[in-house]
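Structure first, commentary second.
We did not get these values from a lab; they are worked out from the coordinates using the rules stated. Every value quoted in this text rests on a predicted model; they were computed, and no experiment measured them. Here Cβ is always computed from backbone atoms with ideal geometry, including for glycine, and neighbour counts include all displayed protein chains.
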């Protein structure tokens, strides 16, 4: 999961508006999203992720995401739990009864969903493609193109008109496509720091890579 969602970290959204729709430009939408996230310190959301490798069937998973500034996150699915407190990372696979512990490494290939929700590195051009209905809500649809060649070839972003929150992102790379959507977003609920540490259940094999 980390490798493909890491595309989100590498920088997604730069405002280079080409035209206006509904009296708003892509640049203004990006600015509104940035402003909405400035005051968010933590968030919880349900998510669905679909990955399709070239010449293979799509794989879909869903779960719950917890994030907290700056580098704390917890991703829970039926097959895996990934946790970091910004210093140590735990990757727990209940089916194997195994947890891998490592130092948290901040690299270009690190999956950090708080960056997906909180940060907007200026590595992409953004155009307003139109509007759609998503889950009963109106959303703006932006197309994203990288300023420089790299891992991500193109992307598409859905932003809520009512709250300026990111609802969905679709990313295309040379080897795969990824669709990542979030819903039931709750912000600033005071998530405890204890949510971002992990104690392996009894009987779990512990592989410590630190």
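One table, with the values for the structure above:
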{"read-out": "Fewest-first ranking of 42, 208, using other Cβ atoms within 10 Å as the exposure measure", "value": "208, 42"}
{"read-out": "FRET efficiency for residue 27 and residue 64, using Cβ-Cβ distance with R0 set to 41 Å, rounded to 0.05", "value": "0.80"}
{"read-out": "Computed label-point distance, nm, for sites residue 137 and residue 205 using a 7 Å Cα→Cβ extension", "value": "4.2"}
{"read-out": "Förster radius 22 Å - calculated FRET efficiency between residue 46 and residue 105, Cβ distance, rounded to 0.05", "value": "0.20"}
{"read-out": "Residue exposure sequence - 158, 164 - by fewest surrounding Cβ within 10 Å", "value": "164, 158"}
{"read-out": "Inter-label distance, nm, simple model (7 Å from Cα along the C-beta direction), residue 53/residue 188", "value": "4.3"}
{"read-out": "Spatial separation of Cα centroids for the stretch 136-152 and the stretch 73-88, in angstrom", "value": "26"}
{"read-out": "19 Å cut-off, amide nitrogen to a point 7 angstrom out along residue 161 Cα→Cβ, residues in the stretch 25-55", "value": "25-34, 36"}
